[in-house]
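Written out below as structure tokens is the structure these notes cover.
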Amino acid sequence: MAPRLGIWCSILLSYEDTGINIQTLVPAGKRSTFPADRKGGTGGVRKAMIYLLSAAAIAIIAVFGFWLYIRATVETVDYAVTKAEGSMEIRDYPALVIAEVARSGGRDAALRAGFSPLAGYIFAKERPGDKIAMTAPVIQTGEADDWQVSFVMPAGSTLDSLPEPVRDGVKLRSLPPRQRAAIRFSGVADDAMFAEKEGALRAWLSAQGIEAGAVTLAYYDDPMTPGFLRRNEVLLDIAP
């Protein structure tokens, strides 16, 4: 949509520069009746509008391009899909190492409170040593007012190879290989949306005679990403 808008703006600018009257390109019954058109004073206004539309199109393309760049450069947790139906999948996850912190409060408040100390750990703001690459997704487990927020460490990380956290509350932990069911969706997810997706995923598993366990929420994008571009997931542990 954004590139198409930029192309049309360029075409219109070309007509202006060549002195072609755009009104003559439109059938008589479809021409504008805007008062300024009848006075012949639309040139400057029209050109200003075209420049504004062009600038908006360029801005949209730049933002989208930056988002694609971030998506392409941030490591995501690897998994193997063993079954898929629409937006739902059953996946095999390898062993992982996570840095986690416990926070209380509502889901969204706990997520925001947990992000800062974890970011401080991987970006070496409060410890010696090198920075650790950011990965996706940020994961959150728990319920009610008791939550654990976690960053997954890059592939190949071990408890021995990672620097020790120095900030109180940040802990490193290994997760064994496991099988999980997942449902993927976009949007600015709130508690109601997460509950709805969890219910749909549990119903899908139940119809197949699969018992589901604890829930994990996964956030693949930062809060500045537009809702329609965000990737959110609800994960449920299942027995292999």
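We did not get these values from a lab; they are worked out from the coordinates using the rules stated. Given the structure is predicted, the values throughout are model-derived calculations rather than measurements. So basically every Cβ, Gly included, is an ideal-geometry build from the backbone, and we count neighbours across all protein chains shown.
If amide H atoms are built 1.01 Å from N in the plane of the peptide, which residues on other chains or at least 5 residues away come under 5 Å of the amide H of residue 124?
132
Checking the cross-link filter: which aspartates and glutamates have an alpha carbon closer than 17 Å to that of residue 171, excluding same-chain neighbours under 8 positions apart?
Within the straight-line limit of under 17 Å, residue 171 reaches these aspartates and glutamates: 100, 126, 146, 160.
Give the long-range amide H neighbours of residue 153: residues separated by 5 or more places, or on another chain, with amide H under 5 Å away, using H modelled in the peptide plane at 1.01 Å from N.
Result for residue 153 returns 97, 98, 99.
Could you work out the local net charge near residue 192, counting Lys and Arg as +1, Asp and Glu as -1, over the other residues with Cβ closer than 14 Å to its Cβ?
Cβ neighbours under 14 Å give a net charge of -3.
What FRET efficiency comes out for the pair residue 126/residue 174, r = Cβ-Cβ distance, R0 = 25 Å, nearest 0.05?
On the way: r = 23 Å, r/R0 = 0.90.
My answer for the efficiency is 0.65.
List the aspartates and glutamates whose Cα sits under 17 Å from the Cα of residue 197, skipping any in the same chain fewer than 8 residues away.
Once the sequence-local aspartates and glutamates are set aside, what remains near residue 197 is 85, 89, 108, 143, 211, 233, 237.
How large is ³J(HN,Hα), in whole Hz, for each residue of the stretch 134-144 in order, when computed from phi with the Karplus curve 6.51 cos²θ - 1.76 cosθ + 1.60 and θ = phi - 60°, using x for Gly and Pro?
With the stated coefficients, the stretch 134-144 comes to 6, 10, 10, x, 7, 10, 9, 10, x, 6, 6 Hz.
What ³J(HN,Hα) values, in whole Hz, does the Karplus curve 6.51 cos²θ - 1.76 cosθ + 1.60 give for the stretch 73-90 when θ = phi - 60°, with x put for Gly and Pro?
9, 8, 5, 10, 5, 7, 7, 10, 7, 9, 7, 9, 8, x, 8, 10, 9, 10
At 0.36 nm per residue, minus the direct Cα-Cα distance, what do residue 167 and residue 119 gain on full extension? Give it in nm, one decimal, please.
Values: separation 48, 0.36 × 48 = 17.28 nm, distance 1.11 nm.
16.2 nm is the gain from fully extending residue 167 to residue 119.
Please work out the FRET efficiency for the pair residue 191 and residue 75, using the Cβ-Cβ distance as r and a Förster radius of 35 Å; give the result to the nearest 0.05. Walk me through the intermediate numbers first.
Working: r = 29 Å, r/R0 = 0.82.
Calculated value: 0.75.
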